[in-house]
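Working notes, beginning with the structure itself.
The values are calculated or read from the model by the stated rules, or taken from the named source; none is laboratory data. Because the structure is predicted, anything quoted here is derived from the model rather than measured. For neighbour counting, all protein chains shown are included, and Cβ atoms are generated from backbone atoms with ideal geometry for every residue, glycine included.
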């Protein structure tokens with residue numbers, strides 16, 4: 001007798017919803033558009049600052065995702081996960097150090113770097129707006 005399909009364990013790709021992928025794509029697209037617009041309307045350094053900020057946002061996101069995955073994979077079922085606060089905060093200190101070096105060396109203007117790092121937040125807002133408009137278009141009139 002075979003097991004029903006609904007009891008099988010989903011693949012890792014199935015656990016990441018389409019909205020998650022769309023959020024990362026939105027983050028990349030918004031970051032690229034902002035970097036190009038910054039380079040055109042302000043300066044090349046401004047556009048490069050946004051691009052570096054977006055890159056740092058991606059690094060931060062995937063670093064956090066890897067860290068959390070590692071914590072939860074090493075935790076036995078039913079137990080509370082142990083998280084080293086220093087390791088968790090190390091990500092923030094490392095990103096802060098990179099931003100400090102950028103600021104002190106004046107390689108790039110700091111404001112566009114910070115704006116680029118906010119790309120994830122902008123992508124979340126854009127995804128929320130997309131979901132609102134999709135809910136209106138999918139609504140059936142009574």
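Being outside any helix (DSSP H, G or I) and over 21 Å from residue 38 (Cα atoms): is that true of residue 80 here?
Here the answer is yes, as residue 80 does meet what is asked.
Condition first: assigned to a helix (DSSP H, G or I) and touching a helix residue (DSSP H, G or I) at 6+ places or on another chain (Cβ under 6 Å). Now tell me which residues in region 103-114 satisfy that.
103, 110, 112, 113
Which of (1) over 18 Å from the mean Cα position of the chain (by Cα); (2) at pLDDT 95 or above does residue 112 not meet, given it meets every other one?
All conditions are met except number (1).
Being outside any helix (DSSP H, G or I) and either surrounded by fewer than 14 Cβ atoms within 10 Å (Cβ to Cβ) or touching a helix residue (DSSP H, G or I) at 6+ places or on another chain (Cβ under 7 Å) (or both): is that true of residue 96 here?
The answer is no for residue 96.
Has region 47-56 got any residue that is surrounded by 15 or more Cβ atoms within 10 Å (Cβ to Cβ) and at pLDDT below 95?
No, because not a single residue in region 47-56 is surrounded by 15 or more Cβ atoms within 10 Å (Cβ to Cβ) and at pLDDT below 95.
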